[in-house]
Amino acid sequence: MGALVGLCFSVGLLLVAVAISAPPTSSGPRVKVGQFSRLAQQSGIPQLNGARLAAVCASVGLVSLVLALLITALPVVAFLAGIASGFIPIVLIRRRVRIRQSALRKVWPDAIDSLLSAVRAGYSLPESVCELGDKGPLLLRPAFATFAGNYRVAGSFEASLRLLTEELGDPVADRVAAALAVAHQVGGQVLGSVLLTLSSLLREDARARGEIEARQSWTINAARLAVAAPWMTLALLSTRPAALQAYRSVQGAAVLLSAAILSLLAYRVMIRIGRLPSERRLARS
């Protein structure tokens, strides 16, 4: 009976997650992109979208719930294991997003320097941006190759920049695209100074942010260790029937649920203290 209840609950969570992350089918006003869709876009995985990410989280949580229920025969432990395991894909995707954004933040100044060299050599700004598909940083070449194809087909520099930012899903890319759009409109002698200033600002921002993240990484690691340690101990105790007997009562289940809520709150507070605020993407008109 406990396994059946857990299965029904997990299926319900899956349906709710898919319904929330699915794109709207009506012609009403557009809604903001959800967290699952935003993470999928920023991850740089072409096959991943919000609905698939939500389905993966629900599937992992369901499998963990059933396995924990079969091993421990405690519904509350199985429920907590399913909820915690369901967040594992999100944690992995967020880690990939942070690594990818950090790598992009480091190569953008080199891309701007290449643009500046091409402009000084006599190329127009759109031609210089298209050249990054062949001569730019390796991490950015596929996106700029797509930009070059879009620009040759549509002939609109601003529209091609919007498609570029949608493909990269990076806050720095939004800032660069906005600066390039302004530089394209202004042109003339101001173009070189705009690109030079943009390159300096991006390089200084990447250096300062890297130093701060390196100094504060110990706080994040300490928070993760402090939260994981008692639950790892609980997992080891769950293999002993005598220890499980203490959690079969209502009082034992209440203790586990209270501990889970306190652990989550403490972890979120420590992460908020130790992590830099995420850069927000620019709103597209």
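The values are calculated or read from the model by the stated rules, or taken from the named source; none is laboratory data. Note that this is a predicted model, so its numbers are computed, not measured. Cβ sites come from the backbone with ideal geometry, for glycine too, and all protein chains shown count toward neighbours.
What are the pairs with Cβ atoms under 7 angstrom where one residue, in the range 142-155, is touching a residue at least 12 places away in the same chain (Cβ under 8 Å) and under 11 Å from Glu131 (Cα atoms) and the other, located anywhere, is basic (Lys, Arg) and assigned to a helix (DSSP H, G or I)? Sequence gap at least six, or different chains.
Hits for this filter: zero, empty list.
Condition check ((1) assigned to a helix (DSSP H, G or I); (2) over 22 Å from the mean Cα position of the chain (by Cα); (3) modelled with pLDDT under 85) across all residues:
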| site | (1), (2), (3) |
| --- | --- |
| Gln42 | yes, no, yes |
| Ile45 | no, no, yes |
| Gly61 | yes, no, no |
| Leu65 | yes, yes, no |
| Ile71 | yes, yes, yes |
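Residue pairs, Cβ under 6 Å, 6 or more apart or interchain, first in the range 207-233 and assigned to a helix (DSSP H, G or I), second surrounded by 13 or more Cβ atoms within 10 Å (Cβ to Cβ). List them.
From residues that are assigned to a helix (DSSP H, G or I), the pairs are Gln216/Gly274; Thr219/Gly274; Ile220/Gly274; Ala223/Tyr267; Ala223/Met270; Ala223/Ile271; Val227/Ser263; Val227/Tyr267.
Please go through the range 235-244 and give me each residue that is surrounded by 11 or more Cβ atoms within 10 Å (Cβ to Cβ) and without any contact (Cβ under 8 Å) to a residue 24 or more places away in the chain, ordered by number. Break it down stepwise before answering.
Residues of the range 235-244 surrounded by 11 or more Cβ atoms within 10 Å (Cβ to Cβ): 235, 237-238, 243-244.
Answer for the range 235-244, where residues must be surrounded by 11 or more Cβ atoms within 10 Å (Cβ to Cβ) and without any contact (Cβ under 8 Å) to a residue 24 or more places away in the chain: Ala235, Leu237, Ala243.
Taking the range 239-257 as the search range and keeping residues that are among the hydrophobic types (A, V, I, L, M, F, W, C) and at pLDDT 75 or above, which one is farthest from Ala84 (Cα to Cα)? Quick ask: steps written out before the conclusion?
Initially, the range 239-257 is screened for residues among the hydrophobic types (A, V, I, L, M, F, W, C), giving 242-244, 246, 250, 253-257.
Checking the rest, the ones that are also at pLDDT 75 or above come to 250, 253-257.
Details: Val250: 21, Ala253: 16, Ala254: 17, Val255: 17, Leu256: 13, Leu257: 12 Å.
Ranking the qualifying residues of the range 239-257, first place goes to Val250.
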